[in-house]
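The values are calculated or read from the model by the stated rules, or taken from the named source; none is laboratory data. Remember, predicted model here, so these are calculated numbers, not experimental data. Neighbour counts run over all protein chains shown; Cβ positions are idealised from the backbone, glycine included. For the accessible areas, the whole protein counts, side chains as well, though only heavy atoms, and no ligand, DNA or RNA atoms are used. Shrake-Rupley method; radii C 1.70, N 1.55, O 1.52, S 1.80 Å.
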Amino acid sequence: MRPDGETPALPTGLDPSTVFRSLFQAFPDALLLVDKAGHIVLCNEAASNLLGYTVDELHGLTVDALVPDAIRPRHAEYRKAYGEAPRARPMGTQMELVARRSDGSEVMVEIALSPLPQQGLVVAAIRDVGSYPRVKKALQRARYSEHLAQLGRLAIDTRDPEVLLTRVSTIAAEALQVELAAVFLLEPDRKQIRLASGFGLLPAEPLGTLLPNRPDTPPGYLAATGTPVVVADYATEQRFAVPQAYLDAGLRSALAVPLAERGRIIGALTVRSRRSQRFGDDEVHFLESLANLLTSSLQRAKTEEALNHAQRLESVGQLTGGIAHDFNNLLTVIQGNLQVLEDLPGLDASSPAKPLLAAATRASRRAAELTAKLLTFARRQVLQPEPVDLHALLNSLAGMLRRTLDQRIAITVEVGEDCPLVLADPAQLESALLNIAINARDAMPEGGWLQFRASACASLPDRLRTELEDPSAAVDRFVQITITDSGQGMPEAVRERAFEPFFTTKAAGRGTGLGLATVYGFVKQSKGAIAISSAQGMGTTLTLYIPQPWTAARESEDKPDVAPLRAGIRVLLVEDDTEVRHIVRTFLLGLACIVESAASAEQALQVLDPPTGEPPHFDLLLSDIALGPGMRGTELAARAQASRPGMAVLLMSGYSSELLDADRDSPPGWELLRKPYGREELAAAMARLLSS
Ligand code: ADP
Ligand code: MG
């Protein structure tokens with residue numbers, strides 16, 4: 001328009017009305033002539049093309065129909081305000097508006113508005129800017145972030161790694177608008193790569209496909225390089241062999257980024273497209289972010305799962321330990337009374353009470369064995385770790401098993417000459433392995449094979465690290481003992497609960513459900529870790545990770561010969577449980593001791609240090625460790641020995657962990673006795689102490 005508002009003169013011979021009509025139609029931007037009420041009174045061909053309506057459909061339509069649903073109410077208000085104070089708004093002043101097409105799809109547009117005051121109309125010129133490179137990029141980036149956020153939300157909502165794995169392919173494919181997306185994961189042996197999830201997979205490469213982890217396969221190449229790989233065109237790819245199926249499917253280009261957990265490659269996230277040179281820097285960054293998000297979410301899911309499992313076992317362990325402790329006190333009383341009964345003068349060999357007593361004694365011994373198992377699970381057993389040569393231990397165990405287990409089970413042992421020693425209680429380790437072997441036998445009713453292997457552990461699985469008593473322990477300080485059977489294996493529901501005490505799938509009387517629970521407790525208490533790998537019908541592998549000794553083997557000290565107990569030993573017995581005190585006192589009297597009893601440490605100190613008269617002499621302080629609410633046996637012993645260095649100390653407890661703690665904290669001269677014990681064990685412990 002010229003400043004004077006006059007229409008410029010046309011060259012002669014041209015009819016203004018025809019020219020302006022043609023101009024209107026030929027204009028490259030969509031033009032809409034809109035009245036005050038927002039109705040379209042006139043539009044051009046470009047508008048029809050852009051918005052997907054016919055020209056006739058557009059005429060009479062309100063412009064509110066052309067904005068996305070979400071902003072329609074706002075748009076109407078905005079239009080009203082504009083109607084009251086119309087002003088020209090040129091192109092480029094407001095970026096990235098969105099128009100809604102007749103089919104519901106949306107296009108990125110820019111809109112210029114010019115009021116025609118004389119006619120009371122407004123011209124809207126609408127330009128499709130979606131195809132501008134700058135806008136396209138911005139759009140694309142917005143889409144990428146939106147998809148990243150999608151995976152992020154999913155990672156927060158779900159704890160299930162499978163769900164994350166499955167969804168990530170779909171998200172990658174949608175965001176990048178490509179035909180195919182897939183997640184490959186390295187198998188535990190790192191020799192093969194498994195197609196773990198996918199979108200638009202090829203029939204030739206279905207879910208679960210195993211590819212060799214070699215640099216000449218696409219995912220193998222990525223695993224080897226560890227950096228993103230862009231394939232501009234499969235047709236000219238030189239770095240690895242392109243499977244024919246990719247070419248047959250018309251795939252042209254690809255992008256793959258590594259999945260890494262703490263710097264270790266665990267797989268690859270890959271996308272493929274039918275267009276060549278489909279992937280640039282933006283795509284690499286996007287896929288890398290997606291991969292990072294995926295691995296950290298997977299990592300977290302796994303850690304949480306492991307922790308939950310460990311915590312559950314931990315709390316069951318605490319409960320079990322507590323019960324076993326009380327139980328041991330009861331058993332001490334029962335066994336002691338039985339022993340005293342047996343020795344009563346009125347009971348000769350012919351008495352009918354004899355077999356009854358013998359049966360009761362056997363039963364109480366079995367009960368003691370059971371509580372010992374519970375304590376093992378609860379990690380409250382007294383362990384005597386020492387450097388153990390697995391070569392010797394496994395071969396001797398296998399020899400024994402070959403004779404006793406089942407002739408139809410072939411038993412093999414593979415221990416390298418250079419297999420390091422482990423630091424563990426050898427008897428308990430053997431009993432753990434025996435438990436595992438018995439389970440294997442039960443899983444192979446028709447026979448099969450059972451293999452023991454041991455080797456230095458190259459790397460402790462991350463999941464197990466988090467469970468370690470000391471997660472900072474050096475990873476390479478473990479030896480792994482692997483026990484594999486060819487038996488029926490375990491379905492997931494069994495595998496998940498196999499370590500729980502009392503969990504058994506065996507008929508009543510055949511299984512107690514304490515086998516693996518004790519193995520678990522032993523391994524944990526030995527500062528190691530344990531893993532099961534098993535599936536129904538696929539056999540079972542248990543892997544025990546046992547620490548190596550830190551220091552050189554300690555010389556095993558030969559025990560000095562023990563002299564028999566002399567009569568008249570003066571003993572101060574401290575025990576808060578009346579019945580236990582009573583029975584121990586009876587034992588001591590039976591051993592010809594002179595006994596003074598106290599029910600608490602405070603009372604014992606009074607006996608040792610009477611307010612009047614000479615302090616009495618004692619050869620031995622025999623004290624329980626937990627003495628009710630008052631001072632503990634260990635502190636009592638320390639105080640008593642301070643004034644009586646010559647007095648021997650023998651501590652007892654039904655709580656093996658107390659013994660453990662006492663063992664750690666107490667001077668070497670003290671002896672520890674574990675409840676329940678019989679008269680002979682008490683006598684032996686006293687003899688060891690008093691003869692040294
Ligand atoms: P129990 O042997 O008394 O049942 P365990 O704690 O030793 O108790 O084992 C618990 C359960 O774990 C078993 O009942 C069995 O279902 C399963 N299990 C353990 N070891 C194996 C194995 N080698 N093969 C198959 N299943 C096993
Ligand atoms: Mg068992």
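What are the residues whose amide H is under 5 Å from the amide H of Val479, where those residues sit 5 or more places off or on another chain and H is modelled from the backbone?
For Val479, whose amide H was placed from the backbone, the distant partners under 5 Å are Cys457, Ile546, Gln548.
When the Karplus curve 6.51 cos²θ - 1.76 cosθ + 1.60 is applied with θ = phi - 60°, which whole-Hz ³J(HN,Hα) does each residue of region 675-682 get, with x for Gly and Pro?
Result, ordered by residue: 7, x, 10, x, 4, 5, 5, 5 Hz.
I want to make sure I understand the PRE zone here: with the label point 7 angstrom from the Cα of Arg262 toward its beta carbon, which residues in region 281-310 have backbone N atoms less than 19 Å away?
292-310
Mark the label point 7 Å from the Cα of Asn337 along Cα→Cβ and return the residues of region 614-647 whose backbone N is within less than 17 Å of it.
Answer for this model: none.
Over the residues of region 135-377, compute the C-alpha Rg and express it relative to 2.2 N^0.38 Å.
Rounded to two decimals, the normalised Rg is 1.75.
Pulled fully out, how much extra length does the chain show between Gln277 and Arg101, if you take 0.36 nm times their separation in residues and subtract their Cα-Cα distance?
60.3 nm
Return the loop-located trypsin sites (Lys or Arg not before Pro) in region 386-479 (DSSP other than H, G, I, E, B) with at most 14 other Cβ atoms within 10 Å of their own Cβ; answer none if there are none.
Sites meeting the loop and neighbour criteria: Arg408.
Which FRET efficiency value, to the nearest 0.05, is calculated for Met631 and Gln536 with the Förster distance at 41 angstrom and r the Cβ-Cβ distance?
0.15
What's the long-distance tail for the chain, i.e. % of Cα pairs beyond 47 Å?
Tail fraction, whole percent: 48.
As a test question: what accessible area, to the nearest 10 Å², does Leu97 have when a 1.4 Å probe is rolled over all protein chains in place?
40 Å²
Which ³J(HN,Hα) values, rounded to whole Hz and listed in residue order, are derived for region 40-52 from phi using the Karplus coefficients 6.51, -1.76 and 1.60 in 6.51 cos²θ - 1.76 cosθ + 1.60 with θ = phi - 60°, glycine and proline given as x?
7, 9, 7, 8, 9, 4, 4, 5, 4, 5, 5, 9, x
So if each residue of separation counts as 0.36 nm, and I subtract the Cα-Cα distance between Glu187 and Arg134, what length gain in nm does that give?
Roughly 14.8 nm would be gained on extension.
Can you give me the long-range amide H partners of Ile409? Hydrogens built in the peptide plane at 1.01 Å from N, cutoff under 5 Å, separation of 5 or more residues or another chain.
For Ile409, whose amide H was placed from the backbone, the distant partners under 5 Å are Gly448.
Averaged over all directions, how much area does the convex hull of the C-alpha atoms of region 390-547 cover when projected, in nm²?
Projected over every direction and averaged, the Cα hull of region 390-547 covers 8.9 nm².
Sorting Lys527, Lys675, Lys506, Lys137 by accessible area (1.4 Å probe), largest first, what list results?
In descending accessible area the options line up as Lys527, Lys137, Lys506, Lys675.
If I compute solvent accessible area with a 1.4 Å probe over the protein chains, what percent of it on region 314-447 is carbon and sulfur?
Answer for region 314-447 is 58 percent, counting heavy atoms of protein chains only.
Which entries of Lys302/Lys524; Lys80/Lys137; Lys302/Lys527; Lys527/Lys675; Lys80/Lys136 have Cα-Cα distances beyond 23 Å here?
Over 23 Å Cα-Cα: Lys80/Lys137; Lys527/Lys675; Lys80/Lys136.
At q = 0.13, 0.17, 0.23, 0.27 Å⁻¹, what base-10 log of I(q)/I(0) does the Debye formula yield for region 262-335 when every alpha carbon is treated as an equal point scatterer in vacuo?
After summing over all Cα pairs, the log10 values are -0.64, -0.82, -1.04, -1.16.
May I ask you to derive the FRET efficiency for Thr505 and Leu247 from their Cβ-Cβ distance with R0 = 56 Å, giving the value to the nearest 0.05?
After rounding to 0.05, the efficiency reads 0.65.
Output needed for region 570-691: three equivalent-ellipsoid semi-axes, defined as square roots of 5 times the C-alpha gyration tensor eigenvalues, in descending order, whole Å.
Rounded to whole Å, the semi-axes are 19, 17, 15.
Just to check I understand the Karplus step: with θ = phi - 60° and J = 6.51 cos²θ - 1.76 cosθ + 1.60, what whole-Hz values come out for region 144-152, glycine and proline as x?
Listing the rounded values in order: 4, 5, 4, 6, 4, 4, 4, 5, x Hz.
Could you tell me which of Ala306, Ala256, Ser364 has its Cα farthest along the dipole of the chain towards the positive end, charges placed at Cβ (Lys, Arg +1; Asp, Glu -1), taken about the Cα centre?
Ala256
Would you please put 147-153, 110-116 in order of how densely packed they are, using the mean number of other Cβ atoms within 10 angstrom per residue and starting with the highest?
110-116, 147-153
With n ≥ 4 as the cut-off for DSSP H runs, can you work out [θ] at 222 nm for the chain, using -39500 (n - 2.57) per run divided by the number of residues, rounded to the nearest 500?
Mean residue ellipticity at 222 nm (helix-derived): -13500 deg cm²/dmol.
Please give, to one decimal in nm, the separation of the simple spin-label points placed at Arg403 and Asp157, each 7 Å out from Cα toward the Cβ.
6.3 nm
Amide H neighbours of Gly267 under 5 Å, counting only residues 5+ apart in sequence or on other chains, H built in-plane at 1.01 Å?
For Gly267, the qualifying residues are Leu186, Leu259.
First compute the accessible area of region 582-692 with a 1.4 Å probe, then give the percent of it belonging to carbon and sulfur atoms.
52 percent
Grab the beta carbon distance between Ala372 and Leu201, set R0 = 56 Å, and tell me the FRET efficiency rounded to 0.05.
0.55
Tell me, in nm to one decimal, what length is gained between Glu84 and Val607 on full extension, where the rule is 0.36 nm per residue of separation less the Cα-Cα distance?
177.8 nm
At each listed q (0.13, 0.22, 0.24, 0.32 Å⁻¹), what is the log10 of I(q)/I(0) that the Debye formula gives for region 383-429 modelled as equal alpha-carbon point scatterers?
Summing over Cα pairs of region 383-429 leads to -0.35, -0.80, -0.88, -1.12.
Report the antiparallel proportion of the DSSP beta bridges in the chain as a percent, rounded to a multiple of 5.
75 percent
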